[in-house]
Amino acid sequence: MMQSQNNIHIRDIIISGGGPAGMMAALALTDQGHRVTLIGPATDHDDRRTTALMMPAIDFLRSIQTWDSIEPTATALKSMRIIDGTSRLIRSPTVTFHASEIDEHAFGYNIPNAALNKKLSDQVSSIAHIERIYDTVETYTPHSDMVEMQLSGGDIYKSRLLIAADGRNSAARDAADIKTKRWSYPQTAVVFCFSHERSHHFTSTEFHTEDGPFTQVPLQGNRSSLVWVANPALAQELLTMDKDKLARIVCEKMQYMLGSISIDTEPQGWPLSGLVPHQFAAKRTILIGEAAHVFPPIGAQGLNLGTRDVETLIRAVGNDRFDPGSPKVIRAYDRSRRPDILARTGSVDALNRSLLSSMLPAQIARNIGLEALRRVPPLRAFFVREGLRPGSGFAKCLPSFSRKAP
């Protein structure tokens, strides 16, 4: 249904937000035969951060024919290591997870955001069934049969389904009257990339400190990205520190495992917070990406959760081939996403708070959990599979039965 009259445009599906989640949704929907309008500013091709996408997300990128163009910029994550970097009385053991333990070549890949954004943007531009509008939505007005949007340029768009991919401060979510629970942490994530003397051997190392995780993730060659979660005062000091001094401190924090290092990019700071909506869809509006979930950068969950939002969106829209924003579609999406998002948000929040806690019971509980993972390979494999895709650990444990038709 593609009509226009003066400056009023009628569409079936509109995506608000031109970030990775919005672009992936546009590509996945057109792959299913839908026509899509994607509204939002041009994608940031200068983002200096990186994103670790796990194999289920990589498989999703393959399904929308994007992975082949991204792969040359990506670096495999073959091992993941957790080290207790605190000076507390109760210290947890070092635990290393290998992808080979679950018969995988890698857990996933680390991708520079600039490359990821550019490749997705290039592919969106190449698809005839995606109408790309570089503008912002000023107002959203939900109605029973459609959502009306007024753009800053003056045009009005009406859509039977609005996909809100407009970030953590989503105006589309607010217009749909979806309430949220928000919280903040006494932490700031300092991110940058660095070169190092020794090979990382495709291993990502997460040091648990009193302030939060300090995580090195491999990049191509002898380079890595770093996410250093620190208290705000230390974070501010790190952001203004001389790069040579910062490099020396990073070497010490990493116990010199990668040899001498040099800082490649300007450090950036991101205050940490959390958000979870009370609903994930309402009034012909479906939330994906950071409009649907926000939490600290622990366990590589953010955009990985976003790809599962898109996969669920595709299945939900398939519930009604006549009306992509019908109550049946809205209910199906909300019901399907709720367990995964709430579980992931809760587990990341609990782990982050356990790192901050000085209470002995919390330290003992974390120690016992990591020791069990270190000593029991089947438990470690179960934990990894569940981390990659919810339910896959249980599915591997349960015996499979084949039934023949009578």
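The numbers here are math on the coordinates, done by the rules we state, and not lab data. These figures come from a predicted structure and were not determined experimentally. With ideal geometry, Cβ positions are generated from the backbone for all residues, glycine too; neighbour counts draw on all protein chains shown.
What the table below lists for this structure:
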| read-out | value |
| --- | --- |
| Over 30 Å between alpha carbons, listed pairs Lys179/Lys328; Lys118/Lys181; Lys78/Lys181; Lys119/Lys245 | Lys118/Lys181; Lys78/Lys181; Lys119/Lys245 |
| Positive minus negative residues near Val229 (Lys, Arg vs Asp, Glu; Cβ under 13 Å) | -1 |
| Cβ-based exposure ranking for Glu290, Glu252, in which fewest neighbours within 10 Å come first | Glu252, Glu290 |
| Between region 207-243 and region 307-347, the alpha-carbon center distance in angstrom | 35 Å |
| Order of His196, His98 under a 10 Å beta carbon neighbour criterion, fewest first | His98, His196 |
| Region 100-156 and region 9-38: distance between their alpha carbon centers, rounded to Å | 7 Å |
| About the Cα centre, charge dipole magnitude for region 86-237 (Lys/Arg +1, Asp/Glu -1 at Cβ), debye | 260 debye |
| Label-point separation in nm, Phe322 to Asp174, each point 7 Å along Cα→Cβ | 3.6 nm |
| Ranked packing of 35-44, 51-60, most packed first, by mean Cβ within 10 Å | 51-60, 35-44 |
| Square roots of 5 times each gyration tensor eigenvalue, C-alpha, region 31-152, largest first, Å | 38, 20, 15 |
| Residue list for region 251-269, given a label point 7 angstrom along the Cα-to-Cβ vector of Arg81 and an amide N cut-off under 16 Å | 251-261 |
| Sorted by Cβ density within 10 Å, fewest first, the residues Ile286, Ile127 | Ile127, Ile286 |
